[in-house]
Amino acid sequence: MPATATWPYFQTLIRILLALAVGLFVGLERERRGKEAGLRTFGFAALLGGLGGLLGESYSLLSMSLVALLVVFLNVQRIVTNREAELTTSAALLVTAFAGVLCGQGHTLTPAAIAVVTAAMLAWKRSLSGFTLGLSEVELRSAILLAILAFVIYPALPEGSVDPWGAVVPRTAWLTVILIAGMGFVNYALWKLYGNRGFEISGLLGGLVNSTVAVSELSVRVRETEGRMKDPAYRGILLATAAMLLRNGLLLAILGPRRALLATGIPLLAMLAICTAFAISRPRKSVEANDSPAQPLKMTSPFSLTSALRFGLIFLALQVAAVISQREFGQLGVYVVSLIGGLFSSASAVASVATLASAGKISNLVAGYSALIASIGSVLINLPLVGRAKDRRFFLRVGFVLALVVLVGAAIAVIQAIWLPRVVALAGSDPISDFGGADVWISSGLED
């Protein structure tokens with residue numbers, strides 16, 4: 001059998017090419033902005049770092065020293081010619097050289113991610129600067145507080161449960177609070193950046209932060225503009241509802257077992273599809289010149305010490321109530337608690353049942369249906385808020401879609417609970433262990 005010839009330098013070539021690609025990718029943005037250190041300079045810096053990474057630690061340090069020397073010369077030249085120092089370009093050049101070293105050492109994903117993030121930070125200069133300059137004192141304190149709660153308080157919390165039912169696990173509860181508050185804070189930042197571009201974006205991003213507030217504010221806009229903004233507000237409310245459903249699904253996927261999401265995935269997707277379809281199906285009507293512009297929603301920062309404690313208290317209360325209801329009334333008690341929780345905070349209700357399912361306190365199927373019930377409760381609570389528009393036709397128009405969303409989600413869930421286990425059983429599997437049957441709606445006990 002003839003021997004197969006192999007080229008021993010293939011891996012070396014791959015590493016060098018990746019380093020060069022990283023440098024050219026970041027340098028492309030600098031070249032486009034007309035900087036002295038552009039495409040070729042960044043390419044050479046990353047290539048130099050890649051060669052240093054290939055040759056070893058000493059050469060890596062040498063290559064970084066040479067890039068640092070290049071940065072010094074670049075800024076000295078600009079200062080001598082009475083120009084401002086290129087601090088941002090210099091920092092990006094050093095980061096790119098470090099990414100090149102990682103490429104030379106055999107890393108792939110990390111240097112590629114560094115290149116993408118670096119290019120994004122350079123390209124989004126105006127957006128980031130505008131957002132930073134527009135930060136209020138309250139918003140800045142909120143960001144700092146979020147970091148303290150995540151990196152200072154969370155590690156100091158005790159591990160394991162601290163109550164006789166095993167429902168209160170401080171670290172799990174606090175991690176959930178940080179997750180929900182963090183999602184809200186990021187979405188608030190996006191809403192603040194793009195909220196002026198229309199009611200649709202305001203509704204979508206506002207729904208990710210707090211769908212109740214978004215629906216209420218959009219309804220008020222209809223009343224303030226005497227009905228002239230009905231079409232944009234209609235789309236915004238439906239997109240806010242869709243965003244809430246998407247957020248709850250993501251929370252269930254992140255915090256709960258996979259089977260919990262499978263139990264409620266189809267109803268949630270159907271509800272999400274209905275909201276999206278109605279939101280984009282109607283033709284957009286342009287607003288007349290004398291109409292009021294699409295003002296941003298009046299929403300405050302979603303994260304503060306008060307909101308964090310509120311999230312935490314609701315989360316813990318729902319967890320304890322769900323566990324006690326499970327013991328006393330079976331799964332039906334968990335569903336009632338989830339419905340009530342969805343009226344106040346569907347995110348907290350979904351997070352609560354997801355973590356209980358992960359801990360084995362309730363079955364995966366019960367957690368999935370509980371998340372669906374909490375989402376339905378959040379949709380139902382929006383109906384009276386639409387009445388703030390003081391417009392009967394608008395209320396009926398939005399109410400029809402929201403009622404359809406609730407009915408379709410509930411109908412699919414019931415059909416799924418009755419018929420799907422039979423299909424699974426015909427396939428030769430255990431319906432209860434695979435998915436669960438209709439009897440799980442009223443039975444008690446943990447999943448096998």
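Residues that are more than 22 Å from ILE274 (Cα to Cα), basic (Lys, Arg) and modelled with pLDDT of 80 or more: does the stretch 384-391 have at least one? Yes, some residue in the stretch 384-391 is more than 22 Å from ILE274 (Cα to Cα), basic (Lys, Arg) and modelled with pLDDT of 80 or more. Are any of the residues in the stretch 150-166 more than 25 Å from ILE373 (Cβ to Cβ), at pLDDT 70 or above and among the β-branched types (Val, Ile, Thr)? Looking through the stretch 150-166, at least one residue is more than 25 Å from ILE373 (Cβ to Cβ), at pLDDT 70 or above and among the β-branched types (Val, Ile, Thr). Determine if the stretch 412-433 includes at least one residue that is among the charged types (D, E, K, R), at pLDDT 75 or above and loosely packed, with under 14 Cβ neighbours inside 10 Å. No, the stretch 412-433 contains no residue that is among the charged types (D, E, K, R), at pLDDT 75 or above and loosely packed, with under 14 Cβ neighbours inside 10 Å.
Scan the stretch 216-239 for residues that are free of Cβ contacts under 8 Å to residues at least 40 places away in the same chain and open to solvent by less than 10 Å² (accessible area, probe 1.4 Å) and the total you get is 1. Taking residues in the stretch 29-57 that are aromatic (Phe, Trp, Tyr), and partners anywhere that are crowded, with 23+ Cβ neighbours inside 10 Å, the pairs with Cβ atoms closer than 6 Å and at least 6 places apart or on different chains are PHE42/GLY23; PHE42/VAL26; PHE42/GLY27; PHE42/THR96.
When the residues of the stretch 67-88 are filtered to those that are under 12 Å from GLU36 (Cβ atoms) and of a type in the set (A, V, I, L, M), the one that is surrounded by the most Cβ atoms within 10 Å (Cβ to Cβ) is VAL71.
Within the stretch 393-418, the residues that satisfy the criterion of being β-branched (Val, Ile, Thr) and farther than 11 Å from ALA270 by Cα are VAL398, VAL401, VAL414, ILE415, ILE418. For the stretch 43-66, the tally of residues that are open to solvent by less than 80 Å² (accessible area, probe 1.4 Å) and either touching a Lys or Arg at 6+ places or on another chain (Cβ under 8 Å) or more than 13 Å from GLY104 (Cβ to Cβ) (or both) stands at 5. There is no residue in the stretch 75-93 that is modelled with pLDDT of 90 or more, of a type in the set (Val, Ile, Thr), closer than 22 Å to MET121 by Cα and assigned to a helix (DSSP H, G or I).
Checked against (1) closer than 27 Å to ALA359 by Cβ; (2) modelled with pLDDT under 70, GLY198 meets all criteria but (1).
Here ALA120 clears all of (1) open to solvent by less than 40 Å² (accessible area, probe 1.4 Å); (2) touching a residue at least 24 places away in the same chain (Cβ under 8 Å) except the condition numbered (2).
The values are calculated or read from the model by the stated rules, or taken from the named source; none is laboratory data. Just so it is clear, the model here is predicted, and its values are computed rather than measured. Every residue, glycine as well, gets a Cβ built from its backbone with ideal geometry; the counts of neighbours run over all protein chains shown. These accessible areas exclude ligands, DNA and RNA; they are computed on the full protein's heavy atoms, side chains included. Shrake-Rupley method; radii C 1.70, N 1.55, O 1.52, S 1.80 Å.
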